[in-house]
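This report refers to the structure that appears directly beneath it.
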Amino acid sequence: MYARSLGDDGAELRPLEPWQAGEFLAHIERGREFIGQYVGLPDAVTDLESSRAYLRSYAEKAAADTGRIYGIWTDGKLVGGVLFRTMDLASGTAEAGCWLEPSAAGRGLVTRAVRVIIDWAVKERGIHRVEWHVSSANAPSIAVARRLGMTKDGVLRESYPYRGKRHDMEVWSVLAPEWRAGKEKPREGR
C-alpha cells in the first residue's frame with residue numbers, strides 16, 4: 001500500500017519503512033511523554049539506531065506476513081501511526097494498535113486509519129478476528145474501539161506491567177462478518 005487519503009483534511013496513511021528512521025525518531029521525540037502514557041513505543045525508540053531497528057523489525061514482519069506498520073501524516077508531517085502488532089493468517093487473527101502525538105489528537109485520525117487497515121486485513125488477507133488491546137485507563141483508545149464497532153471481550157486484570165505498575169488490559173475485537181456488515185454499535189462484553 002502506498003499513500004492513502006484519510007479524508008478531506010489532507011491526512012494520509014503510508015507504510016513506515018526503515019529509511020524513515022530519522023523522521024520516525026523526530027516524531028517520537030515530539031510526543032514521547034504523551035505516547036508513553038500507555039504504550040512502550042517511546043521506551044523502544046530512543047535514538048536513530050533503535051528507531052531504525054524498530055522499523056526494520058516491522059519490515060521483517062511485513063516480509064513474513066506477520067505484522068505491518070503505517071504512519072499517519074498531516075501537512076507532510078508524521079504525527080502518528082497504526083499497526084498490526086501481530087498477524088496470524090493461519091488462525092485468521094490480528095492485533096491492531098495505534099499511537100499519536102498530542103498535536104494530532106482529537107481529529108479522528110486513528111479511527112480513520114484503523115478502518116483502512118482493518119478493511120485491508122479482512123478483505124485482502126482473510127483475517128477473521130481483529131483484536132484491540134488497551135489499558136483500562138486509556139479512554140481515548142477505548143473510544144476508538146467503540147467507534148470501530150468492536151465488542152469488549154473482557155478485562156485481563158493487572159496483566160500488563162508497565163513502568164513499574166501493573167495495569168488492567170481490556171480486549172476488544174471485531175469479527176469479519178461484523179466488519180463486512182458495517183457493524184457500528186458496540187456491545188459491552190459479557
| Could you count how many residues in the range 1-37 are open to solvent by 60 Å² or more (accessible area, probe 1.4 Å), free of Cβ contacts under 8 Å to residues at least 60 places away in the same chain and of a type outside the set (G, A, S)? | 8
| task | Could you please find all residues in the range 108-122 being within 11 Å of V174 (Cβ to Cβ) and open to solvent by less than 10 Å² (accessible area, probe 1.4 Å)? | result | V114, I118, A121, V122
| task | Among the residues of the range 160-179, count how many are open to solvent by 70 Å² or more (accessible area, probe 1.4 Å) and either closer than 15 Å to G92 by Cα or part of a helix (DSSP H, G or I) (or both). | result | 1
| task | Hey, could you check the range 90-107 for residues that are touching a Gly at 6+ places or on another chain (Cβ under 8 Å) and open to solvent by less than 60 Å² (accessible area, probe 1.4 Å) and say which is farthest from Q37 (Cα to Cα)? | result | G92
| said: Can you pull out every residue in the range 47-89 that is of a type in the set (F, W, Y) and open to solvent by 10 Å² or more (accessible area, probe 1.4 Å)? | reply: Y54, Y58, Y70
| query | Restricting attention to the range 76-101, which residues are more than 12 Å from L13 (Cα to Cα) and over 14 Å from the mean Cα position of the chain (by Cα)? | reply | D88, L89, A90, S91, G92, T93
| Residues satisfying the stated conditions in the range 79-134, i.e. over 25 Å from F24 (Cα atoms) and in a loop (DSSP other than H, G, I, E, B) | L89, A90, S91, G92, E124, R125, G126, I127, H128
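The values are calculated or read from the model by the stated rules, or taken from the named source; none is laboratory data. Small disclaimer: the values here were computed from a predicted structure and weren't measured. For neighbour counting, all protein chains shown are included, and Cβ atoms are generated from backbone atoms with ideal geometry for every residue, glycine included. Accessible surface areas use protein heavy atoms only, side chains included; no ligands, DNA or RNA. Shrake-Rupley method; radii C 1.70, N 1.55, O 1.52, S 1.80 Å.
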